[in-house]
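Working notes, structure below.
No value in this document is a laboratory result; all are computed from the given coordinates. Quick caveat, the model's predicted, so the values are computed rather than measured. Counting neighbours? That spans all protein chains shown, and the Cβs are built from the backbone with ideal geometry, glycine included.
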Amino acid sequence: MHNEHESNLKLMVNMNWISRVPLSIKKAKNLVKAPISKDLKPTDIKGYSYQEEKVSYGGIEQRWLLIESIDRKKADLKKLTKKIPEEFLKTNKQLVKLEKEEFAQKSLAELKIKDLAGKLKYHQILDIEITERLNKGQTVVYQVKGKLIENQELITKHENSCGRFILATNILDTTKLAPTEILRIYKEQQSTERGFRFIKDPLFFADSLFVKNPERVETMMMLMALSLLVYNLGQRQLRIALKTQKSTVKNQLKKPTESPTLRWIFQCFQGIHILITQEADRILNLTDEHCRILQFLPNPCQKYYLLC
């Protein structure tokens, strides 16, 4: 994995880039867990702070920005406080079960408890004892026991890493690209990347398409990009209209929101049909709520449902 990442960096040697550093890289993992909160500087973007350092990775000189988000840190710490007792309960059950097992060799007992201890993220097993005794068949067997406690050193490292990520760039001159600008560009890029999640969404059936011809693959990519553009424009138009008129629509939880996803609006309009007769065309299953939502969308959308 590291070799693949380094190869990609070398391919981009002649272009300027900003990228999120994978935490599978040992240096990055150690950096996010370091106790350096007091050394972090505030950015111009509210709720974010950073520490910068120059790094040589994959033969490429880079600037690494350790970013910490206040909101993300609070959320991650909340999750962490749940994960610690969950691990204790799960591991304690495994340890009780392990203490009842009988092993033919002492080394097997040692291996088993080391394997269990090696999987722990927030705890450690101390006071490990391996005892020898005769079982009912008068055969020598070995049993193991230990004490499960919190590993405060590991927990502190996980607490330090909460809300943190690392951004890297090969633009070394800070006058050309300031730290806050790196974060701003990344956040803008992130919103674009999030948009492409719809490709994996079963609602859009994009994952069920298969094309073999290279030209057809390119055509499909173009259609997907165009669809995403239209989707984002529609969602933006709806949210702007709701905000301007200080109005809301109900989300999936039936709670009012002024920033619904267009995906949810699409789902709300499922099951609506047009009945074509000699006398007149009629829209079936169109409720007052549907009509209200359509008021926040452009006229062509209302015309499609025969409202104007």
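Converting the Cα gyration tensor eigenvalues of the stretch 201-307 into ellipsoid dimensions via √(5λ) gives semi-axes, longest first, of 28, 21, 13 Å.
Taking 8 Å as the Cα distance limit and 6 or more residues as the minimum spacing, I'd like the relative contact order of the chain as a percentage. Display every interim value, and only then the final one.
Values: 332 pairs, mean separation 50.1, N = 308.
It comes to 16 percent, rounded to a whole number.
Between helix 70-100 and the chain, what is the angle of the helix's C-alpha long axis to the longest principal axis, kept within 0 to 90° and rounded to the nearest 10? So the inclination is approximately 40 degrees.
Give the dimensionless ratio obtained when the Cα radius of gyration of the chain is divided by 2.2 N^0.38 Å. Show your work: numbers first, answer last.
Numbers: Rg = 28.5 Å, N = 308, 2.2 N^0.38 = 19.4 Å.
Normalised Cα radius of gyration, the chain: 1.47.
How large is the helix-only mean residue ellipticity at 222 nm for the chain, computed as the sum of -39500 (n - 2.57) over DSSP H runs with n ≥ 4, divided by its residue count, in deg cm²/dmol to the nearest 500?
Helices in the chain give a 222 nm mean residue ellipticity of -14500 deg cm²/dmol.
In this structure, the residue pairs whose Cα-Cα separation is over 27 Å, taken from 41/187; 54/79; 73/114; 38/79; 26/46, are 54/79; 73/114; 26/46. Subtracting the Cα-Cα distance of residue 273 and residue 99 from 0.36 nm times their residue separation leaves 56.2 nm of extension gain. Residues 115, 76, arranged from fewest to most other Cβ atoms within 10 angstrom of their Cβ, appear as 115, 76.
With a 10 Å radius around each residue's Cβ, average the other Cβ atoms per peptide and rank 255-263, 280-288, highest first. Present the calculation step by step, with values, prior to reporting the outcome.
Numbers: 255-263: 14.9, 280-288: 10.9.
Packing order, densest peptide first, comes out as 255-263, 280-288.
Using 0.36 nm per residue and subtracting the Cα-Cα separation, the extra length available between residue 303 and residue 40 on full extension is 89.3 nm.
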